[in-house]
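Written below as structure tokens is the structure these notes are about.
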Amino acid sequence: MKARIFFLISILVVGGLLWSGLQAVHPFGLPNGTPMDDYFIANAQGEAAANNVVTSIVFDYRGFDTLGEGAVLFTAVISVAALFRKRGHN
Amino acid sequence: MNPLSVVARTVCNLFAWFLAIFGIYVIVHGHLTPGGGFQGGAVVATFMAFLLVAHGGEKMQSWVRKDRFTLMECFGLTLFISAGLLGMSKTFFFNFLAKAGGVFGGVLPIGPNAGALNTSGTIALMNLSVGIEVVGGLSMILLYMFSAAHPQEPMGREESGHDR
Amino acid sequence: MIGNFPYLVVGILFVMGFIGLVFERNLVKIAIAMSVIEAATNLFIITLGYRTGGSIPVWTMAGGGSSRMVLPTPQALTLTAIVIGLATTALMLSFIMMIYRHYGSLDVRDIRRLRG
Amino acid sequence: MNWLDHLPALMLAVPLFGAFIAPLTAWGGKGLRNAWFLLVSVVFSVLAILLWSRVGAAGPLIYVMGGQGWNIALPSGISIPVRILMEIDAFSAFMVLLGAVASLAGAVFSVAYMDRFSGMEKFVALYFLMVTGMFGMEVTGDFFNFFVFLEISSVASFGLVAFWRDRGEALEAAFKYMLVSSLGAMMVLLAVAFLYSRYNVVNMATLGKVIEWGMVEKTALVLFLTALAMKCGSVPMHMWMPDAYAEAPAGVTCALIAVSQASLYGLFRVCFTIYGAFMGSPVIPWVIIILGILSMFIGVSMAVIQKEVGRLIAYHSVSQVGYMLLGFGVGLLALGDARAMADYGFTALKGGVFHIVNYTMYKGLLFLAAGALFYATGSRNLNEMGGLARRMPKTMVLFMIAAAAIAGLPPFNGFVSKLLIYESSFAVHPILAVFAMVTSVLTLASFVKIFQTAFLGPELKKFAGVKEVPGAMLVGMTVLAVAIIGLSLFPTWSLNNLVEPAAKALMDQTSYIGAVFAAAATGGGL
Amino acid sequence: MWTKVLTGFGYWDVYSWLAFFVIAGGMVFFIRSLGRKDYRQGTEQDEIFYGSNPVPEDGEDLKVPASSAYWGYTQALKPFYEGLVGLHTGLATDYAGWYILVTAFVALLILV
Amino acid sequence: MIEILHLSILATILISGFLALWFRNLLSSVISLSVLSLFVSLEFFYMQAPDVAIAEAGIGAGLSTAIYIVALRAVGKKQFRKEGEH
């Protein structure tokens, strides 16, 4: 019971940490210098020939992340299948 | 889970096909309009969820086998990683099809335009493969969880480790 | 007028999720708290990418001349995070189903054969 | 173009490809699946050795995923990579090598150990995915990519921990592991988002170059530090670790150890490379040192009173992680001060790095030996065991090697790294060395306990039919035993060739960052 | 605090350790050779002495279980161990709670 | 005007997130979570991220809810210990 009070206090402290971090982030709607994103917006059509900038990032500029993401989904599917697999030995 | 009434089943059937068509549209137009492999795949998997709800798990399992979905998923991912590996002449994940002519190799004008379906190189290919993978994977999760919700066999400890 | 209100929403969602995670006793509720935390993270990343008055980062829909788009990278990152969140949720719920079969309970106080 | 230039990508592509094909081997029968399992494991081990030797010869490698136009030069003179970079310096290559050896041993062991179970093609796929996640965390130079690989390795390890789903305990352990682990992964993602919002960059090297010490960075550091410390199991966030390690199949645990070392790698990459310039203040180093001391002491105290083999050894993992945290914390304390670094900091780093290799080898061997005991007797409880020395002499010898190494008995390698850590931590404060030595004594005590109750004592009637375990399992254990003996007999070689480059790479913040900018300037980067 | 501490002969010398083991082994064999010469295996000389009671057939009745090991140690440190085992409640939510607790602790240290 | 809409979306997110954790009935909780996802998706749409909005609507509000409901069916009705016993 006593531990739970500490947990509550620490949750509030972590909330305070996040809140102070969020205050230090740029104000809503006004990002400061955005060189990387401006590059993507300017060059998605020229380099990847895709009109959808997000898709060009997902599959070209950061395509490897997407492969990892597919692998996570695959992992979860295989885990669920292994969990509910039919019983019986080899 | 039991099948629903006839009316609900018909509505679900009809609506499910619309979902499937919409999902395929989203996958194919991934590089032009908002959407792509993941979103479209999720929509097509919702089609599977509709059919499952409408017709019940047992009937569904008699129509499709889980092996098919495993095959689909593995095929999609293998296609994806192969599309990455084929760019190996330069580096992994090099977009070797873009602006090279052929099926996917159209060139886009810069600036706001309507775009064309035959552009974007490997992006379209990867959209397709991810779509296949996501449909297979999510349908498999749904089917497995459906069939596990009402287990036919009781839980024992027959396979538990190497206990003698 | 809107100020930093979206950030406040994100912070409150996080704290609510933490409280749910630590003080709930039902496994499904714990999974729900985890989902709330995931939603808060996704919301935060998208919020970072918003530019006031920006347009959709899709050239097909950009209309005429408006080249001031919202940042596309956070959207790509969030797309990945959403799918990962679905994968974790599905696996966690499968674990809960199997645990229920073995332990006959969803109360976290009953799921403690491993301790000490 | 030489195919060896593609090593960083192949390092990840090969196990991923193996995982994607693995479920299809179910149609080819048992032989095909085992062959695939062993083939892919051997291939990625060979690739890891090649990668390590290449990094040792040519310095940090940069590999860009996706080719042309990968960086933009800002007016301020800093270039920002827009694509995903793989960056491998000596420390990364060292960790990859270790992970490959441990996973190879686990794979060879699992072929025989898991032979009786259904769903093995799924096991193989999950095993490869876990290994991919581990390699990816160590190889990548991009924070979001790090998060993705963290998730791959975690999700795969949840599935593997729960693989014996007919045991309620395995599911319970997997669920608990999953709960804290996904919370930690979310916090890592949040920290990445914070850093992105400030600098519009997710590349590690660029972040290390441009970072300043503000509120956002402090928040991100806190989130990274605790999440990664939790993933490598430091007290008091260690409680998932004995559960998961003891309930997972033994071959998996052997690789799981290397996976948790990848989290340790991430922790020190963040502390040394990204935030290295701000470690002049002693707060963060002391936090790490205190976490290390707590882990060492509480872990080993809990281990002494356990009565299950797996849990006992798993609690030792907690205490051994404490040694590494202590060593690296002392090194971090000396990071800003050149004289202190030369006096004791570099020794501490060498001790920490050497302890990583030792720990991975002997702890993997211990878990494999515990798995062999379980395979032969069907019991995990030490109270039920006894007199197995005559029945399983080879397992006993292998277990003895590992136990002597972990306890730091002089002819073995555990002693060397522990000695390095004692000396350097004594220079900081004597009480740290005292704690470390007490931990070492208790470690020896608990391994004497296992050895005495499991192997010595009168022969039991119920174990009259127990035989030595199959050959594949012995081969898997022998791989690690040979590594231990090699490290023990040639400590100077391993310190000079294996450990010192890694420790130097860790200490030298500018080489990791500079490699990216040099590649950007020359337009190279493959 | 900044003093250099070294053990004198560096960190390790495997050959001196090997020499030590050879010498130690020699001494062990020497002491062993001083023992009785009329010892024979398999005779009544190596039978178990069980307090002059009949020796049980199964080893189960002879052996000391693992939980009895270090009984005195755990008994002496009982308060410590009660607290320590009490911390490991096994509740899944507590695991997350400890994680958040440590985060809060580190946050306080860094921010304040 | 549009800001009031934005504010009300954010307020609904908060309320539905709170309700998802507050309800004792698991089904109501899951539905609240679905509403949370739906409004997060609306918020994404407001923030000019239609890609993510489609994904969140399809995955968060659709499939995730379906999986939760399947899991709830599997774990049956008796979900709680008696209250007050701790």
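The values are calculated or read from the model by the stated rules, or taken from the named source; none is laboratory data. Remember, predicted model here, so these are calculated numbers, not experimental data. Every residue, glycine among them, receives a Cβ derived from its backbone with ideal geometry; neighbour counts consider all protein chains shown.
Please verify whether the stretch C:53-76 includes one or more residues that are touching a Lys or Arg at 6+ places or on another chain (Cβ under 9 Å), under 23 Å from F:S64 (Cβ atoms) and in a helix (DSSP H, G or I). Yes, because at least one residue in the stretch C:53-76 is touching a Lys or Arg at 6+ places or on another chain (Cβ under 9 Å), under 23 Å from F:S64 (Cβ atoms) and in a helix (DSSP H, G or I).
Per-residue answers, yes or no, for (1) closer than 30 Å to D:L50 by Cβ; (2) acidic (D, E); (3) modelled with pLDDT of 90 or more:
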position: D:G414; (1), (2), (3): yes, no, no
position: D:L419; (1), (2), (3): no, no, no
position: D:E468; (1), (2), (3): no, yes, no
position: D:L487; (1), (2), (3): yes, no, no
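Do we find a residue being within 29 Å of D:D89 (Cα to Cα), buried (at least 24 other Cβ atoms within 10 Å of the Cβ) and hydrophobic (A, V, I, L, M, F, W, C) anywhere in the stretch D:310-317? Checking the stretch D:310-317: not a single residue is within 29 Å of D:D89 (Cα to Cα), buried (at least 24 other Cβ atoms within 10 Å of the Cβ) and hydrophobic (A, V, I, L, M, F, W, C). Across the stretch D:437-465, the qualifying residues are those that are within 13 Å of chain E (Cβ to nearest Cβ) and part of a loop (DSSP other than H, G, I, E, B), and the one among them that is surrounded by the fewest Cβ atoms within 10 Å (Cβ to Cβ) is D:A464.
Each row is one residue, and each column tells you yes or no for (1) in a loop (DSSP other than H, G, I, E, B); (2) charged (D, E, K, R); (3) closer than 25 Å to D:T219 by Cα; (4) in contact (Cβ under 8 Å) with a residue 24 or more places away in the chain.
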| position | (1), (2), (3), (4) |
| --- | --- |
| D:S281 | yes, no, yes, no |
| D:L294 | no, no, yes, yes |
| D:I298 | no, no, no, yes |
| D:S301 | no, no, no, yes |
| D:M324 | no, no, yes, yes |
| D:G331 | no, no, yes, yes |
| D:T347 | no, no, no, yes |
| D:K350 | no, yes, no, yes |
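Selection of the stretch B:37-86 for residues being farther than 30 Å from D:D5 by Cβ, modelled with pLDDT under 85 and surrounded by fewer than 18 Cβ atoms within 10 Å (Cβ to Cβ) yields B:G56, B:E58, B:K59, B:Q61, B:S62, B:W63, B:V64, B:R65, B:K66, B:D67, B:R68.
Here is a yes/no grid of residues against (1) of a type outside the set (V, I, T); (2) in a helix (DSSP H, G or I); (3) under 30 Å from A:A49 (Cβ atoms):
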position: B:T10; (1), (2), (3): no, yes, no
position: B:N13; (1), (2), (3): yes, yes, no
position: B:F22; (1), (2), (3): yes, yes, yes
position: B:G30; (1), (2), (3): yes, no, yes
position: B:G41; (1), (2), (3): yes, yes, yes
position: B:V44; (1), (2), (3): no, yes, yes
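Is one or more of the residues making up the stretch A:5-18 under 20 Å from the mean Cα position of the chain (by Cα), within 11 Å of chain D (Cβ to nearest Cβ) and buried (at least 19 other Cβ atoms within 10 Å of the Cβ)?
Just the residues of the stretch A:5-18 that are under 20 Å from the mean Cα position of the chain (by Cα), to begin with: A:18.
Applying the additional criterion that residues be within 11 Å of chain D (Cβ to nearest Cβ) yields A:18.
From what is left, the residues that are buried (at least 19 other Cβ atoms within 10 Å of the Cβ) are A:18.
Yes, some residue in the stretch A:5-18 is under 20 Å from the mean Cα position of the chain (by Cα), within 11 Å of chain D (Cβ to nearest Cβ) and buried (at least 19 other Cβ atoms within 10 Å of the Cβ).
For the stretch A:44-57, filtering for residues that are in a helix (DSSP H, G or I), over 14 Å from B:V130 (Cβ atoms), more than 9 Å from chain D (Cβ to nearest Cβ) and of a type outside the set (A, V, I, L, M) leaves 3. A search for C-beta distances below 7 Å between a residue of the stretch D:470-490 that is aliphatic (A, V, I, L, M) and any residue that is at pLDDT below 90 and outside any helix (DSSP H, G or I), counting only pairs 6+ apart in sequence or on different chains, returns D:I484/D:F412. Residues in the stretch D:409-441 that are without any contact (Cβ under 8 Å) to a residue 60 or more places away in the chain and more than 29 Å from D:D337 (Cβ to Cβ): D:L409, D:P410, D:G414, D:V441. Can you find a residue that is under 30 Å from E:T103 (Cα atoms), more than 7 Å from chain D (Cβ to nearest Cβ) and modelled with pLDDT under 90 anywhere in the stretch A:31-38? Looking through the stretch A:31-38, at least one residue is under 30 Å from E:T103 (Cα atoms), more than 7 Å from chain D (Cβ to nearest Cβ) and modelled with pLDDT under 90. Of the residues that make up the stretch C:17-36, is at least one hydroxyl-bearing (S, T, Y) and either more than 7 Å from every other protein chain (Cβ to nearest Cβ) or surrounded by fewer than 24 Cβ atoms within 10 Å (Cβ to Cβ) (or both)? No - not one qualifying residue is present in the stretch C:17-36. Looking across A:D37, A:D60, A:D65, one residue alone is free of Cβ contacts under 8 Å to residues at least 24 places away in the same chain, in contact with a Pro (Cβ under 8 Å, 6 or more places away or on another chain) and assigned to a helix (DSSP H, G or I). It is A:D37. When D:I152 is tested against the conditions (1) surrounded by fewer than 24 Cβ atoms within 10 Å (Cβ to Cβ); (2) assigned to a helix (DSSP H, G or I); (3) within 7 Å of another protein chain (Cβ to nearest Cβ), the lone failure is (1). Residue count for the stretch D:159-180, restricted to those that are within 12 Å of chain A (Cβ to nearest Cβ) and surrounded by fewer than 24 Cβ atoms within 10 Å (Cβ to Cβ): 2.
Tell me, yes or no, whether the stretch B:65-77 has at least one residue that is of a type outside the set (A, V, I, L, M), in contact with an Asp or Glu (Cβ under 9 Å, 6 or more places away or on another chain) and facing another protein chain (nearest Cβ under 7 Å).
yes
Per the conditions (1) of a type outside the set (V, I, T); (2) within 7 Å of chain D (Cβ to nearest Cβ); (3) surrounded by 22 or more Cβ atoms within 10 Å (Cβ to Cβ); (4) more than 23 Å from the chain's Cα centre (by Cα), the sole criterion not satisfied by A:R85 is (3).
Does D:F399 qualify as being away from chain E (no Cβ under 14 Å), modelled with pLDDT of 90 or more and within 30 Å of D:P249 (Cβ to Cβ)? So D:F399 passes the test. In this structure, is E:V55 surrounded by 10 or more Cβ atoms within 10 Å (Cβ to Cβ), in contact with a Ser or Thr (Cβ under 9 Å, 6 or more places away or on another chain) and either at pLDDT below 80 or more than 9 Å from chain D (Cβ to nearest Cβ) (or both)? In short, no.
Residues are listed down the side, and each one gets a yes or a no for (1) surrounded by fewer than 24 Cβ atoms within 10 Å (Cβ to Cβ); (2) facing another protein chain (nearest Cβ under 9 Å):
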{"position": "D:P282", "(1), (2)": "yes, no"}
{"position": "D:D343", "(1), (2)": "yes, yes"}
{"position": "D:L365", "(1), (2)": "no, no"}
{"position": "D:L373", "(1), (2)": "no, no"}
{"position": "D:S379", "(1), (2)": "yes, yes"}
{"position": "D:E384", "(1), (2)": "yes, yes"}
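For the stretch B:21-33, a tally of residues being crowded, with 19+ Cβ neighbours inside 10 Å and away from chain A (no Cβ under 14 Å) returns 1. Here D:K418 meets each of (1) among the basic types (K, R); (2) facing chain E (nearest Cβ under 9 Å); (3) within 26 Å of the chain's Cα centre (by Cα) with one exception, condition (2). Please find, among D:M130, D:M134, the residue that is crowded, with 24+ Cβ neighbours inside 10 Å, of a type outside the set (V, I, T) and closer than 30 Å to D:I80 by Cβ. Answer to the check: D:M134.
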